[in-house]
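The values are calculated or read from the model by the stated rules, or taken from the named source; none is laboratory data. For clarity, every value in this text was computed on a predicted model and none was experimentally measured. Here the Cβ is made from the backbone with ideal geometry for all residues, glycine too, and neighbour counts use every protein chain on show. For the accessible areas, the whole protein counts, side chains as well, though only heavy atoms, and no ligand, DNA or RNA atoms are used. Shrake-Rupley method; radii C 1.70, N 1.55, O 1.52, S 1.80 Å.
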Amino acid sequence: MSVYLYNTKTRHKDEFKPLNPPAVTMYCCGPTVYNYAHIGNLRTYIFEDLLANTLRLAGYKVKHVMNITDVGHLTSDGDEGEDKMQVAAEREKKSVLDIARMYEDAFFRHTAALGLKRPTIVCRATEHIQDMIEFVKALEDKGFAYISNGNVYFDTAKFPRYGCLSGQSREDLKHGARTEQDMNKRNPSDFVLWFTSSKFENQILQWDSPWGRGYPGWHIECSTMATKYLGERIDIHCGGIDHIPVHHENEIAQSEARLGHEWVNYWVHMEFLNNKSGKMSKSKGGFLTLDTLVEKGYQPVHYKYFCLTSHYRSSAIFSDEAMDAAKKAYENLADYMAEFKANAAGKSLTAEEQTALATYKDEFNTYLFDDLKTPLALSHMWNIVKDNKLSDALRLAFLTHVDGVLTLFLKDVAPKKPETVEVTPEIAALLEARAAARAAKDWAKSDEIRDKLAALGVGVKDLPNKEIELIKL
Ligand code: AMP
Ligand code: ZN
């Protein structure tokens, strides 16, 4: 079965054809660790993880690389504003590296709570400075970089395809992305590869370089680490839609200028989570984290379920009502799972059921293979789960498959315990009479009493040694 993905580069849904099947290389821009990831960021990571799982389901071997931005990201995606890490260190009276490690740990705690797999490789910008210097040197050697007032800039005028991803001209991009003008740039869309002299004289993290002591620009880390770990041509590159016009244009420009050929085949971008008052953003403050949701009485998996109810290419609006609905739906699903587990224990599927199961799984997979259509996959799942004509064993096998792809922690749901029967004097008397009838081998009488008990909602199961188990019907 083929997988189809909407490709920002071609602007349509393309059949996914990796360069070296079954291997798939996938790079995802990771968090800037100057604060907790907000739940909007997490929506993007949930869908990136789902994409990797879906490709594995289709038989591919996915190498998933994610960077950790712990240096160089300014408060605007361009080269303006303050250094995000430094601002956080001052705010929290900690060292920049302590801040970075603390928020990196929090990030992986949150992603694990959501059931996201740790990427195959997680790489920190600060641990790849030498590789970045080599990259910038190569750009300089090829004539794509220039030095102005001590900083090294990428010259976008030398890269005619600049703007190809967003379909904007360099002129358009400069208006969209810039708030203040860096007078050292030759062209407004140029960007910094290496800072030596800047307004951050007391920048804490600095390294020696051929251009003087300084630190890298933000964009160069992704081009450098993606190429280092995934090679010169990459199948898939992901990120949130905000990255299209600046960060990803700059990544393409640097990488293709250095490599001399196209770099990424499929660009996959996740739409935003907004709240009722607009975009959720880390820099705006007042954003929601996974911990805030837990404090409000939700489990991380409720948020994951909420995310899966919308398609990754549509924006989603967060609200308490929507979270309540997701929580209720998930709890309902977990109840079904508990019941299936209790009733289907040890039961195997008939040949007919095996065939039906294969069809149901295929239908579910097809929705995911079609550009991760999670709302349709979930509605298909509910049709099967609620179909009482299907056996519990079949529904259990189907939900186990769903859980294997979506990681909704259904495997951890305990089987429903049979409800205990309250033995009233009337029931006790009937049980005694039944035991007497059975001792006298009066089976007709015993059956009659069993029916009476059933009418009172009590089932009786005979165990060895004349013991009985009472079942609430
Ligand atoms: P950052 O840590 O700010 O670099 O962002 C991490 C990831 O989250 C990037 O892929 C962003 O594009 C993405 N992102 C940022 N804000 C949102 C949002 N409100 N909804 C969904 N994704 C977002
Ligand atoms: Zn990136």
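Of these, Ala257, Ala226, which one is in contact with a helix residue (DSSP H, G or I) (Cβ under 7 Å, 6 or more places away or on another chain) and of a type in the set (A, V, I, L, M, F, W, C)? So that I can check it myself, show each step before the final result.
Details: Ala226 fails: in contact with a helix residue (DSSP H, G or I) (Cβ under 7 Å, 6 or more places away or on another chain).
Residue meeting the stated conditions: Ala257.
Looking at Ser379 and the list (1) out of contact with any helix residue (DSSP H, G or I) (no Cβ under 7 Å at 6 or more places or on another chain); (2) exposed (fewer than 12 other Cβ atoms within 10 Å of the Cβ), which single condition is not satisfied?
(2)
If you scan region 146-192, which residues turn out to be open to solvent by less than 20 Å² (accessible area, probe 1.4 Å), at pLDDT 95 or above and more than 25 Å from Thr8 (Cα to Cα)?
Tyr146, Val152, Tyr153
Quick check on my filter: what residues within region 20-63 are assigned to a strand (DSSP E or B), open to solvent by 10 Å² or more (accessible area, probe 1.4 Å) and within 16 Å of ligand 2 (Cβ to nearest atom)? Before you say what the answer is, go through the steps one by one.
Initially, region 20-63 is screened for residues assigned to a strand (DSSP E or B), giving 20, 23-28, 32, 61-63.
From the residues that got through so far, the ones that are open to solvent by 10 Å² or more (accessible area, probe 1.4 Å) too are 20, 23, 25, 32, 61-63.
Scanning region 20-63 gives Thr25, Thr32.
Find all pairs meeting these conditions: Cβ atoms under 7 angstrom apart; at least six residues apart or on different chains; first residue within region 143-161 and in the same structural domain as Trp211 (by TED's automatic domain parsing); second residue surrounded by fewer than 16 Cβ atoms within 10 Å (Cβ to Cβ) and among the hydroxyl-bearing types (Ser, Thr, Tyr).
Matching pairs, first to second residue: Asn149/Ser197; Gly150/Ser197; Asn151/Ser197.
Evaluate region 103-118: report whether one residue or more is open to solvent by 20 Å² or more (accessible area, probe 1.4 Å), assigned to a loop (DSSP other than H, G, I, E, B) and within 16 Å of ligand 2 (Cβ to nearest atom).
No, region 103-118 has no match at all.
Which of the strands (runs of 3 or more DSSP E) contained wholly in region 210-328 include at least 2 residues that are open to solvent by less than 10 Å² (accessible area, probe 1.4 Å), under 23 Å from Arg124 (Cβ atoms) and of a type in the set (A, V, I, L, M)? Spell out the reasoning first.
Working: elements: 234-240, 264-270, 273-275, 316-318.
Per the criteria, 234-240, 264-270.
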